[in-house]
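Report on one structure; see the data block that follows.
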Amino acid sequence: MAQETAWQKQTALFLISQNISIFGSSVVGFAIVWYITVNTASGFWITVATLATLIPQVVVSLWAGVFADRYSKKLIIMLADGFTALATLLAFAAFAFGYESLTFLIFIACLRSIGSGFQSPAVSALYPELVPPEQLVRVNGINQMANNVLLLIAPAVGGAILGTFGMKWAFLVDVLTAAVAIIIMLRLQVTRTVVNQSRRPVLAELREGVRYTWSQPLLRVMLVCYAVTFILITPAAFLTPLMVVRTFGSEVWKLTANEMVWALGSFLGGLFVAWKGDFKNKITAIAVSLAVFGCTFALMGLSKVFWLYLLFDCICGLFVPVFITAETVLIQTHTEPGYLGRVFALLQFVSQGMMPAAIIGFGPLGDFIKIEYIMIVCGLLLLGWGLCFKRAAEQAQRYRG
């Protein structure tokens, strides 16, 4: 009983810390996108901001995976949070003294992306060290639910701060939440630390992680799944604020509603995952989620009435926790503990690497072709991809068995 209580307490501390950190980062993330969108209404600047958010993560992610397997994941998470907070504090100081430059804002986004690049693989790899295998789906579901409660609040907070006080105060929110998150992480006790004792050159460790991932049939399919999926979701992930401004109006409340309704759907989806506790067939759960994403993207592109657009946005959000939880647990339970950091880093490298490549095409294209058309085409392709993934993943799982 004491052991049962111990892992629950430590997991709770971890979830609280990371969700506080996510909340602050989300407030700043929404505020930056909206600041650029409202002040430029330009697909070019949205593209530049997106690249600044993604490319640094891609560059550092593989190295971050090696460090996550070599050293304390808890320490890496705290250092990454601290680095991001310092970068955001620099932005607050600059804006407080009147230096409100888009170029400088892009630079700050790059620094924050570096911090996220180191933090993300360590966070994903730490779960199996805290949580019993049979509880991973439930805990990931609870985490998704908590994420989306905060993501439901974050757009409202970000919009209120940006519209009422200005951009600099949004930066300060992230600094304060990062400090609280680090203090909570200091209390975390990880009793089942898995550390790779090898001290070979980093590049050798990277190559070994890539070879291991590619040698596992199911992980290989997941790698391809990440690449294709993140290309096709790029327009919905980054161009919908611009689509809302152009189609429905540039009021801040509409941009806020766009994010809040999606977060509401994701919260309800996370509640369902936490209640269910596990998915008997995680591959089917992923495939169904991909198909729903495709259908809702296409319907969002076809919508001419804002409330109808929001309805499809909410339905899409419902399946985000199902998708994320199923694919995360599938990877966690099919990867040897000593490789978890590198496997998640490689998946992050692929997914985040595909999105900059995609936004380079989709962003400028959105200045010549209606974003609605891009959403419809990508949605239909994503629907077909869900069926292809299910067939390939089931074959890989049978081969492994």
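The values are calculated or read from the model by the stated rules, or taken from the named source; none is laboratory data. In this text, all values refer to a predicted model and were calculated from it rather than measured experimentally. Virtual Cβ from ideal backbone geometry, glycine too; neighbours counted across all protein chains shown. These accessible areas exclude ligands, DNA and RNA; they are computed on the full protein's heavy atoms, side chains included. Shrake-Rupley method; radii C 1.70, N 1.55, O 1.52, S 1.80 Å.
I'd like the accessible area for E100: 1.4 Å probe, protein heavy atoms, all chains in place, Å² to the nearest 10.
It works out to around 110 Å².
Roughly how many Å² is the accessible area per residue of the chain, as a whole number, for a 1.4 Å probe?
42
Which whole-number percent is the relative contact order of the chain (Cα, under 8 Å, 6+ apart)?
For the chain, the relative contact order is 29 percent.
Extension gain L302-R391, at 0.36 nm per residue separation less the Cα-Cα distance, in nm?
So the chain would gain 29.1 nm between L302 and R391.
Pairwise over distinct Cα atoms, reciprocal of the mean inverse distance: report the Kirkwood radius of the range 49-90 in Å, one decimal place.
11.4
Ranking request for peptides 50-57, 388-395, 157-164: highest mean number of other beta-carbon atoms within 10 Å first, then the rest in descending order.
My ranking of the peptides, most packed first, is 50-57, 157-164, 388-395.
From the list [x] 0.95; [y] 1.37; [z] 0.98, can you say which value of Rg/Rh (Cα atoms, Kirkwood Rh) was derived from the structure given?
From the options [x] 0.95; [y] 1.37; [z] 0.98, the structure gives [x].
Mind running the shape call on the range 90-163? Use the C-alpha gyration tensor, a ≥ b ≥ c as the square roots of the eigenvalues: rounded below 1.5 for a/c, prolate if a/b tops b/c, oblate otherwise.
Numbers: a/c = 4.53, a/b = 1.89, b/c = 2.40.
Oblate is the answer for the range 90-163, as a/c is 1.5 or above yet b/c matches or exceeds a/b.
Taking only DSSP H segments of four or more residues, each worth -39500 (n - 2.57), what value at 222 nm results for the chain once the sum is divided by all its residues, to the nearest 500 deg cm²/dmol? Display every interim value, and only then the final one.
On the way: 16 runs with 342 residues, N = 401.
Mean residue ellipticity, 222 nm, calculated: -29500 deg cm²/dmol.
Ordered by packing density, taken as the mean number of other Cβ atoms within 10 Å over each peptide's residues, highest first, how do 291-300, 304-313, 104-113 rank?
Values: 291-300: 22.3, 304-313: 16.6, 104-113: 19.4.
Listed from highest to lowest mean packing, they are 291-300, 104-113, 304-313.
Using a 1.4 Å probe on the protein chains only, how many percent of the accessible area of the chain belongs to carbon and sulfur?
The value for the chain is 71 percent carbon and sulfur by accessible area.
Among the lysines, which fall within straight-line cross-link reach of K304, defined as a Cα-Cα distance under 30 Å, with same-chain neighbours fewer than 8 residues apart omitted?
Of all the lysines, those that pass the test against K304 - Cα under 30 Å, at least 8 places apart if same chain - are K254, K370.
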